[in-house]
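Single-structure report; data block below.
Just so you know, all these numbers are worked out from the coordinates, no wet-lab data involved. Note that the coordinates shown come from a computational prediction; the quantities given were computed from them, not determined experimentally. With ideal geometry, Cβ positions are generated from the backbone for all residues, glycine too; neighbour counts draw on all protein chains shown.
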Amino acid sequence: MKYNSFNDSNLMQQFKGDEEILLDMIGIFESDVGQLLSPIRESILNQDGQQLRINAHTFKGVMGNFYAEQGKQLAFELETHGKQANFKDTLELLNKLENELQLFLFELNTLKKNLDIKA
């Protein structure tokens, strides 16, 4: 299967032979994603550039761990807005990130099911 929200080749190469750890990592991400995303929204609503920068940077790192380039890029854009204390278009960027995240979660779930079959 071809995934659009992340590079499964790189991800599988990273965990080759230890898919159980990948399954654990996916499970942790699924349970923590709300705790990663809501601080970004809060910092935008509070117009707190420092917190936006920190929270978006954290989210960018998590997306990078999964080779999710589009999600990583959107988080980077939010991080940059936070650095500059520029809140123009940040809610629009956050909405794009949330939409990308929905696709990412759906595709991660598909990958997880495929890994469960092989395990």
Given contacts defined as C-alpha pairs under 8 Å and at least six residues apart, what's the relative contact order of the chain, whole-number percent? 31 percent
Determine the dipole magnitude for the chain: charges of +1 sit on the beta-carbon of Lys and Arg, -1 on that of Asp and Glu, nothing else is charged, the reference point is the Cα centre, and the result goes in debye to the nearest 20. 220 debye
Just going by the charge dipole of the range 8-118, with Lys and Arg at +1 and Asp and Glu at -1 on Cβ, which of F87, Q102, I44 is farthest out on the positive end? F87
Here the range 81-98 yields Karplus 3J(HN,Hα) values (6.51, -1.76, 1.60; θ = phi - 60°; whole Hz; Gly and Pro given as x) of 4, x, 4, 8, 6, 10, 9, 5, 6, 5, 5, 5, 4, 5, 4, 4, 5, 5
Fully extended contour minus Cα-Cα distance, from V33 to A85, at 0.36 nm per residue: 16.3 nm
Do you know the Lys pair count in the chain for C-alpha distances under 23 Å, with sequence separation 8 or more or different chains? 22
